[in-house]
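Comments concern the structure below.
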Amino acid sequence: MKKITFLFLTMLFYTFGINAQCIGTYEYVDVSSVNDGSLQVQDGCNWGGDWNNITDLVIGQDYEFSSEIATDYITFTDDSNNIIAYGQSPLAVPAITVASGRFHIYADNTCTGDETCRETYIQCTTCTPAPVPDCAETPITPADGSTTVPAFDIFTLSWTAPSTGPTPTSYDIYVGTLSDGSDMTLFTNVTETSIEVTVGQASTTLYWMVIPVNETSEASGCAIWGFTTDAGPAVPPNDNVCNATALTMNTTSAGNAYYDIYATSETNEVVGSCFNGGIDGSVWFSFVAPASGSVQISTDVAGGTHEDTELAVYEAPSNCADASSLGTELGCSQDITANYLSTVEVTGLTEGTTYYVQIDRWGGSDPGYFGISIYDLDVLSTENIALENESLFNFYPNPVNSILTLKASAAIQNVTAYNMLGQIVINNNPNSMEKELDMSMLQAGTYFVKVTVNNTSKTIKIIKE
């Protein structure tokens, strides 16, 4: 009898535990609490059995967690699933004691999971919103009504910050095609009073609006400004093989030196073996092979607007007016690891012979401006790069767009990159003789890279494009 009674009590205790608190089985989203008193959407499609990671809570403030389904059951825990509060939606948590925690949701207090999409919410009920900022005052570039904004190329949107009211913490930029602003959508949010943008259409009128934001409070009633893009550039001069642009060996062009806007395909034009779906608008270049017979060609040059190129290298045509007479394809590149631009290395070339480079855009991607680099692979090799200390390590390329390669005769112990303010922006301990240092996330400018090999350090200056 005692055993039966004990078992019965255990079952009651276990059942009460399930009914009282339900711990989710699937981590769904991370949510940063805005703490401005507003009803904040956590997610639009939480299922029963999900849990969300909530951060940036303000200790001591009152919070309410809820679901659009009134019968949902919510448990709030700390980051280790220690129970703080539980109950039917909405769940109040007064004077919260943690800066981060977990929101667990089920369909009922027996921890029933489901696959029903429901919006879930968080609200700091004792928080107050920041003061509302005033509107930005005037556009600087382009001027309101300008008709000379360059199509397909980079230009700057800039504006005058409000001279009264609280200082905005950021600016929401809205863009649309209707002058009354009825179709405007959020384009981006920035913290400065300018942003570089591109419009991939010619002779197009767009309208834009800057909404200053103070934490989460937005200005209202702000002005709508407009501009029209120009007709764009002429047809590329190197649209056809016969007019291929000659490249100079061991150089990198400006990032917007060339373009494929309004480029066309020639009759019977060859298609690179790695190209996607034929020719979408190719342009042509040529180069003379160096003594090494080996080159690297790349469109991975900062400063352009093209986001997706395809590149192929060929032997010269027997008749440049006949695009089908191009010689053997020697190399083809559609994408490189860091982005959708193209880099190809070709070896076995004949010194002094002219070869041709075809650059196209991938599928339905937008045309744009791009740059090209072409280098003799011997110049990029560790044997031929001019170094401040050849016995310690070698590096290339410089300037660099994404990957800086470091090679040494012994293990590289440490690599530290500093910006011009002396701040560390990269710090690695490779412990290998070769290191590919990813600098793609850094802004363009000058950096100092300190490399340590055999307990000896040397600092080099690198230009990031």
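The values are calculated or read from the model by the stated rules, or taken from the named source; none is laboratory data. Here the structure is a predicted model, which means the values were calculated and not measured. Note: ideal-geometry Cβ built from the backbone for every residue, glycine included; neighbour counts use all protein chains shown.
So here's what we get for this one:
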| item | result |
| --- | --- |
| 1 or more residues surrounded by fewer than 19 Cβ atoms within 10 Å (Cβ to Cβ): qualifying strands (runs of 3 or more DSSP E) within region 40-83 | 40-46, 50-55, 63-67 |
| Unique residue being among the β-branched types (Val, Ile, Thr), surrounded by fewer than 18 Cβ atoms within 10 Å (Cβ to Cβ) and in the same structural domain as Val301 (by TED's automatic domain parsing) when the list is Thr248, Thr191, Thr204 | Thr248 |
| Which numbered condition Ala20 fails, given (1) modelled with pLDDT of 95 or more; (2) over 23 Å from Cys117 (Cβ atoms) | (1) |
| Residue within region 437-447 that is modelled with pLDDT under 85, surrounded by 15 or more Cβ atoms within 10 Å (Cβ to Cβ), not assigned by TED's automatic domain parsing to the domain that holds Ser294 and not small (Gly, Ala, Ser) present | yes |
| Subset of region 207-231 [closer than 14 Å to Thr148 by Cβ and either in contact with a strand residue (DSSP E or B) (Cβ under 9 Å, 6 or more places away or on another chain) or charged (D, E, K, R) (or both)] | Gly226, Phe227, Thr228, Thr229, Asp230 |
| Residue that is nearest to the chain's Cα centre (by Cα), among those in region 253-289 that are surrounded by fewer than 19 Cβ atoms within 10 Å (Cβ to Cβ) and part of a strand (DSSP E or B) | Ser286 |
| Total residues in region 313-344, condition farther than 15 Å from Ile374 by Cβ, aliphatic (A, V, I, L, M) and out of contact with any Ser or Thr (no Cβ under 8 Å at 6 or more places or on another chain) | 2 |
| Candidate set: region 171-206, residues that are out of contact with any Pro (no Cβ under 9 Å at 6 or more places or on another chain) and of a type in the set (D, E, K, R); chosen: the one farthest from Gly145 (Cα to Cα) | Glu192 |
| Number of the exception - Val313 against (1) surrounded by 15 or more Cβ atoms within 10 Å (Cβ to Cβ); (2) hydrophobic (A, V, I, L, M, F, W, C); (3) modelled with pLDDT of 90 or more; (4) touching a helix residue (DSSP H, G or I) at 6+ places or on another chain (Cβ under 7 Å) | (4) |
| Subset tally (residues that are in a strand (DSSP E or B) and surrounded by fewer than 19 Cβ atoms within 10 Å (Cβ to Cβ)) for region 92-120 | 2 |
| Test: residue in region 451-460 that is under 25 Å from Val301 (Cβ atoms), charged (D, E, K, R) and in the same structural domain as Phe395 (by TED's automatic domain parsing) | no |
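Yes/no per residue for (1) without any contact (Cβ under 8 Å) to a residue 12 or more places away in the chain; (2) assigned to a loop (DSSP other than H, G, I, E, B); (3) in the same structural domain as Ser220 (by TED's automatic domain parsing); (4) touching a helix residue (DSSP H, G or I) at 6+ places or on another chain (Cβ under 6 Å):
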residue: Phe155; (1), (2), (3), (4): no, no, yes, no
residue: Ser158; (1), (2), (3), (4): no, no, yes, no
residue: Thr164; (1), (2), (3), (4): no, yes, yes, no
residue: Pro168; (1), (2), (3), (4): no, yes, yes, no
residue: Tyr171; (1), (2), (3), (4): no, no, yes, no
residue: Asp180; (1), (2), (3), (4): no, yes, yes, no
residue: Asp183; (1), (2), (3), (4): yes, yes, yes, no
residue: Leu186; (1), (2), (3), (4): no, no, yes, no
residue: Gly200; (1), (2), (3), (4): no, yes, yes, no
